[in-house]
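In what follows, a structure is listed as structure tokens, so that the remarks can point back to it.
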């Protein structure tokens, strides 16, 4: 991230200095402004889902879900930790349901939990899985198409499912291979 | 399918009531965590958005789009989608706006729009996720996982364009 950020930033600054130097500051400020707007949008999403997930956590509901999924999460992420497994299970279930907003906070907590055990493998695997999208029902896109007057808004369901599967499986495969090579 | 979300909410609330959780206090506690979480994200968001704005304003993003279009075309990705594919890893809202534009320009049921929808739905904001997940942690060597994810995303994009021709 550090390298990409630095390279893109410097390259853009140099280009902008040559083409239109007066735009540099205004685009930086514009970027900062849209990040605040984005943070507000995200806060709304997280407020709803983290409120709900706190209820699920306190009432013991997420423990039940985690217990059900434990054989799976334990195997995939190679961790025995109770808390980490619970967060992982909730992250995966939210993702599958297409509740991306709810999945992110769980993932962040899981990554922090795994960090305590310095389980580097699981942290990055979780990132790989989340970053390739594993949602079964692309709710946002279907809603968008319906809004635009599509005749059958949900006919992208099957292609999306296939592509999601392809991307996640490929990424996990590459990650496992990459780990072998670089160690 | 529209019922999924109401059902989840009602179920969780009822379950909490049955388990005698003080719903209001608990819900508020969750939101206060959301406040902290959002604030902790803000530095990453600001930096990434500044980078994107700069990249866009400098014209480099257009140059990159023009430069990569032929290569993408070779892989079977229509040139109308190049920008969407390039923006998606960085910005969810940016690519959503662009997806909207594609849908209204080409019509919701056109090949381009369907392709764009599938690409959008089956990929994620890779750089944003990596920034959020690993903010404040000392996890090193993230390049390898990121490359894996980007390669896989490209492969699934190619697959999306192929599958949309058939299905």
Name the residue, out of B:48, B:8, that is under 30 Å from residue A:11 (Cα atoms) and surrounded by 13 or more Cβ atoms within 10 Å (Cβ to Cβ).
B:48
If I filter segment B:68-87 for residues that are within 28 Å of residue A:107 (Cα to Cα), assigned to a helix (DSSP H, G or I) and within 7 Å of chain A (Cβ to nearest Cβ), do I get at least one hit?
no
Restricting attention to segment B:108-124, and to residues there that are more than 8 Å from chain A (Cβ to nearest Cβ) and touching a helix residue (DSSP H, G or I) at 6+ places or on another chain (Cβ under 7 Å), which single residue is farthest from residue A:3 (Cα to Cα)?
B:111
Identify, from the list A:51, A:60, the residue that is closer than 28 Å to residue B:92 by Cβ and either touching a residue at least 40 places away in the same chain (Cβ under 8 Å) or facing chain B (nearest Cβ under 9 Å) (or both).
A:51
Please work out which one of (1) under 20 Å from residue A:136 (Cα atoms); (2) modelled with pLDDT under 90 is the condition residue B:94 fails and give its number.
(1)
For residue A:62, state whether it is under 15 Å from residue B:8 (Cα atoms) and within 17 Å of the chain's Cα centre (by Cα).
no
Scope segment B:135-162; condition buried (at least 22 other Cβ atoms within 10 Å of the Cβ) and within 7 Å of chain A (Cβ to nearest Cβ); matching residues:
B:145, B:148, B:149, B:152, B:153, B:156, B:160
Filter segment B:92-107 for residues that are surrounded by fewer than 19 Cβ atoms within 10 Å (Cβ to Cβ) and either at the interface with chain A (Cβ under 7 Å from one of its Cβ atoms) or part of a helix (DSSP H, G or I) (or both) and give the result.
B:93, B:96, B:97, B:100, B:101, B:104, B:105, B:106
Which is buried (at least 19 other Cβ atoms within 10 Å of the Cβ) and either at pLDDT 90 or above or within 24 Å of residue B:133 (Cα to Cα) (or both), of A:144, A:169, A:126?
A:126
Looking at the structure I just gave you, is residue A:101 in contact with a helix residue (DSSP H, G or I) (Cβ under 9 Å, 6 or more places away or on another chain), under 24 Å from residue B:135 (Cα atoms) and at pLDDT 90 or above?
no
Taking segment B:67-79 and keeping residues closer than 28 Å to residue B:47 by Cα and surrounded by 16 or more Cβ atoms within 10 Å (Cβ to Cβ) leaves B:68, B:69
Of these, B:48, B:31, which one is at the interface with chain A (Cβ under 7 Å from one of its Cβ atoms) and in a helix (DSSP H, G or I)?
B:31
Among A:89, A:17, the single one that is buried (at least 16 other Cβ atoms within 10 Å of the Cβ), at pLDDT 90 or above and either more than 10 Å from chain B (Cβ to nearest Cβ) or farther than 30 Å from residue B:22 by Cα (or both) is A:89
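Residue by residue, here is whether (1) within 29 Å of residue A:140 (Cβ to Cβ); (2) in a helix (DSSP H, G or I) holds:
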| residue | (1), (2) |
| --- | --- |
| A:9 | no, yes |
| A:13 | no, yes |
| A:21 | no, no |
| A:27 | yes, yes |
| A:36 | yes, yes |
| A:43 | yes, yes |
| A:47 | yes, yes |
| A:67 | no, yes |
| A:70 | no, yes |
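The values are calculated or read from the model by the stated rules, or taken from the named source; none is laboratory data. None of the values given here were measured: they were computed from a predicted structure. As a convention, Cβ positions derive from the backbone with ideal geometry for all residues, glycine included, and neighbour counts pool all protein chains shown.
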